[in-house]
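Okay, structure first, notes after.
The values are calculated or read from the model by the stated rules, or taken from the named source; none is laboratory data. Just so it is clear, the structure is predicted and the values come from calculations on it, not from any experiment. Cβ coordinates were reconstructed from backbone atoms using ideal geometry, including for glycine residues, and neighbour counts include every protein chain displayed.
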Amino acid sequence: MINWDAHICLPQHPQADFSPLSQLHSAGVNYVSINVGADMNPVPQVMSVIAGYRATIAANPDRYRLASSVDEVIQAAADGVLAIGFDLEGAMPLMEQPEMAEVYARLGVRQMLFSYNRNNNVADGCHDMARGLTRLGHRVLKAVNDAGIIVDCSHTGRLCSLEIMAASSKPVVFSHANPFALAPHGRNVTDEQIQACAATGGVVCVSGLSWFLGCEQPTAADVARHIAYVADLVGVAHAGVGLDICFKEKDLDDTPPGGFNPAWWWPESAGYRAGRLPSFVPIYAWRSLPLELRKLGMAPSEIEQVLGRNMLRVARDTWL
């Protein structure tokens with residue numbers, strides 16, 4: 001059994017503390033995708049973070065392993081080591097060069113969004129005007145597919161996400177998004193998006209963030225309820241987990257340099273409030289998820305699919 005967390009965030013700093021990953025591993029997770037940058041992060045910061053994270057992984061081979069294949073994920077689990085991949089939240093770090101996708105893939109990026117909340121020159125954000133996938137976006141999509149990177153439509157505008165899913169030659173995922181029908185937030189995904197994702201062979205991985213679960217103090221039961229909704233709508237084979245837990249360190253400043261404006265990326269009009277942070281489901285929720293899913297009628301084999309085998313399948317179909 002491989003437990004797969006499709007997205008979490010450490011501080012965007014090369015000296016970030018990896019101890020939360022050890023806690024995640026202790027809770028039963030075998031593979032985790034860690035964010036290394038988003039549209040608001042300039043390339044020098046992204047590269048510094050990737051270099052720092054890679055150095056930490058290399059310095060702790062008894063704890064972590066940077067995985068580039070499904071076989072390496074399975075072997076890491078057998079060796080009692082946490083397998084790690086990187087993800088980018090947006091296409092801005094590609095600097096309008098589709099060929100940068102292969103560069104990032106070689107550095108460990110195994111999953112990539114095309115936009116983060118706001119429009120860029122490639123794709124639409126979920127909190128911006130609908131335009132659709134741009135001409136450059138189609139070129140980037142092909143490059144990402146060719147580089148063996150999982151296409152991720154989290155944070156992406158609805159129309160644009162449907163166009164990405166229709167054009168992708170590989171399965172598409174939502175690595176951390178929840179059903180809009182259960183929590184009507186602009187970051188969540190409609191039944192149409194969930195069905196389109198399933199049609200690609202992809203997976204909707206449920207987030208553990210309070211705003212998107214629609215509750216103040218989220219628990220494993222809340223996550224399980226959203227997973228069950230996806231499974232009931234499109235089948236167990238298309239539901240997964242991406243808790244989106246964001247870890248901060250008070251002594252590390254990971255604010256993007258330059259004129260970073262949080263109110264632009266998380267607009268008040270979309271329900272965000274300055275100084276009001278979300279709550280996250282605790283790491284140990286991973287231990288409770290099997291029981292909570294059983295309570296909702298899932299068989300053990302179905303739970304194994306949801307907790308990891310579905311994303312393992314997508315990775316096997318995508319990674320080179």
> Applying the selection to the range 289-307, what residues are more than 20 Å from the chain's Cα centre (by Cα) and not polar (S, T, N, Q)?
Replying inline: Pro290, Leu291, Glu292, Leu293, Arg294, Lys295, Leu296, Gly297, Met298, Ala299, Pro300, Glu302
> strands (runs of 3 or more DSSP E) wholly in the range 19-120 with at least 2 residues that are closer than 21 Å to Pro256 by Cα - which ones?
Replying inline: 31-38, 82-89, 109-113
> Tally time: how many residues in the range 58-97 are under 28 Å from Cys160 (Cα atoms) and aromatic (Phe, Trp, Tyr)?
Replying inline: 1
>> I'm trying to understand the selection: among the residues of the range 192-238, which are out of contact with any His (no Cβ under 9 Å at 6 or more places or on another chain) and not in a helix (DSSP H, G or I)?
In response: Thr200, Cys215, Glu216, Gln217, Pro218, Thr219, Gly235
> Within the range 154-175, can you find the residues that are in contact with a Phe, Trp or Tyr (Cβ under 8 Å, 6 or more places away or on another chain) and either part of a loop (DSSP other than H, G, I, E, B) or among the basic types (Lys, Arg) (or both)?
Replying inline: Ser154, His155
> buried (at least 22 other Cβ atoms within 10 Å of the Cβ) and at pLDDT 95 or above, is that true of Met92?
Replying inline: yes
